[in-house]
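The values are calculated or read from the model by the stated rules, or taken from the named source; none is laboratory data. Only a predicted model underlies this, so the values are computations on that prediction, with no experimental measurement involved. No Cβ is skipped: glycine too gets one built from the backbone with ideal geometry, and neighbour counts run over all protein chains shown.
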Amino acid sequence: MNSHLPASLTLSFSGFSQRGGCTDHHADGWGIAFFESEGNKPGKAARYFVDKEGAATSPIAKMLRTYPIKSHNVVAHVRKATVGEVRLENCHPFVRELWGRYWVFAHNGDLKDFHPALHGSFKPVGDTDSELAFCWLLQELNKSHSGVPSVEELTRTLRELVPQIAKSGTFNFLLSNGQALWAHASTKLHYVLRQHPFTEVQLKDEDLSVDLAELNGPDDRLAIVVTEPLTTNENWVAMAPGEFKVFVDGSLVI
């Protein structure tokens, strides 16, 4: 999620977490990271939860389904293990510090014969191809810029780096540093933009309808990006293979 004002992901996470072993087979761990808001501005730090148990049954996920943490940027992931054992250190999203702020990354896919040289301060804790790709991305970003660049500069650099990883396999990912949410589709990603006037939505993974107008005001605006749509009655946009999108303040900017 990327939002203009601090927003709660309780509704979307309720349906999304069911895909971690209930309505889908991604039961090999899960995680979620919320960038803490500083007033009404995106913050540099993230509140971070991971669990090697499936999200549908995890007590931590149960708590978060009813605990409205408000944030500008949220990255969540339910894992189906392909590379790396089912262990806590292999659960997405992964978190690292660069330029005095946290970066959060989640990947859906499988990279073949991807063995980049890591020679900086970013090293994997686990043994997934996903965390390796994240460490390499941050290493190369750090080499390309001396300090925190603008979202536009970061986007230009990422557009050069991402194809170098994507050529090794499926590289659907979400990346955020609290300023923006970057999304890349190799095979499948969808997004929806929500803004005033808000309507009632029907969750796909739970028998639940919610009137978004009761939860949001006229100034609220947010984008939700997922592998598969979370609701059945919204205009989800399918990203094309190779497409790279950037969301800032709840809007699609690139």
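Of the residues that make up segment 8-20, is at least one modelled with pLDDT of 80 or more and either surrounded by fewer than 20 Cβ atoms within 10 Å (Cβ to Cβ) or more than 25 Å from residue 247 (Cβ to Cβ) (or both)? Taking every residue of segment 8-20 in turn, none turns out to be modelled with pLDDT of 80 or more and either surrounded by fewer than 20 Cβ atoms within 10 Å (Cβ to Cβ) or more than 25 Å from residue 247 (Cβ to Cβ) (or both). Have a look at 162, 78 and point out the one that is modelled with pLDDT of 95 or more, in contact with a His (Cβ under 9 Å, 6 or more places away or on another chain) and not polar (S, T, N, Q). That would be 162, the only listed residue that is modelled with pLDDT of 95 or more, in contact with a His (Cβ under 9 Å, 6 or more places away or on another chain) and not polar (S, T, N, Q).
Looking only at segment 182-200, count how many residues are touching a helix residue (DSSP H, G or I) at 6+ places or on another chain (Cβ under 7 Å) and among the aromatic types (Phe, Trp, Tyr). Looking only at that region, the number is 2. Within segment 102-128, if we keep just the residues that are at pLDDT below 95 and of a type in the set (D, E, K, R), the residue that is farthest from the chain's Cα centre (by Cα) turns out to be 113. From (1) assigned to a loop (DSSP other than H, G, I, E, B); (2) under 18 Å from residue 44 (Cβ atoms), pick out the condition that doesn't hold for residue 123. Of (1) assigned to a loop (DSSP other than H, G, I, E, B); (2) under 18 Å from residue 44 (Cβ atoms), only one is false for residue 123: (2). Is one or more of the residues making up segment 221-242 buried (at least 20 other Cβ atoms within 10 Å of the Cβ) and in contact with an Asp or Glu (Cβ under 6 Å, 6 or more places away or on another chain)? For segment 221-242, residues buried (at least 20 other Cβ atoms within 10 Å of the Cβ) and in contact with an Asp or Glu (Cβ under 6 Å, 6 or more places away or on another chain): absent.
Taking every residue in segment 176-194 that is closer than 18 Å to residue 166 by Cα and pairing it with any residue that is among the acidic types (Asp, Glu) and in a loop (DSSP other than H, G, I, E, B), at least 6 positions away or on another chain, the pairs with Cβ-Cβ distances below 6 Å are 185/243.
For the structure I just gave you, tell me whether residue 241 is in a loop (DSSP other than H, G, I, E, B) and out of contact with any strand residue (DSSP E or B) (no Cβ under 6 Å at 6 or more places or on another chain). The answer is yes for residue 241.
Applying the condition of being buried (at least 21 other Cβ atoms within 10 Å of the Cβ) and in contact with a Leu (Cβ under 7 Å, 6 or more places away or on another chain) to segment 107-134 and asking which residue is farthest from residue 77 (Cα to Cα) yields 122.
In segment 152-165 there is no residue matching the filter, namely being buried (at least 17 other Cβ atoms within 10 Å of the Cβ), aliphatic (A, V, I, L, M) and either at positive phi or not in a helix (DSSP H, G or I) (or both). Contact map, segment 143-167: first residue small (Gly, Ala, Ser), second residue surrounded by 16 or more Cβ atoms within 10 Å (Cβ to Cβ), Cβ cut-off under 8 Å, separation 6 or more or different chains; pairs are 144/157; 166/184; 166/186. Selection of segment 201-238 for residues being among the acidic types (Asp, Glu) and either outside any strand (DSSP E or B) or touching a helix residue (DSSP H, G or I) at 6+ places or on another chain (Cβ under 7 Å) (or both) yields 205, 206, 207, 214, 219, 220, 228, 234.
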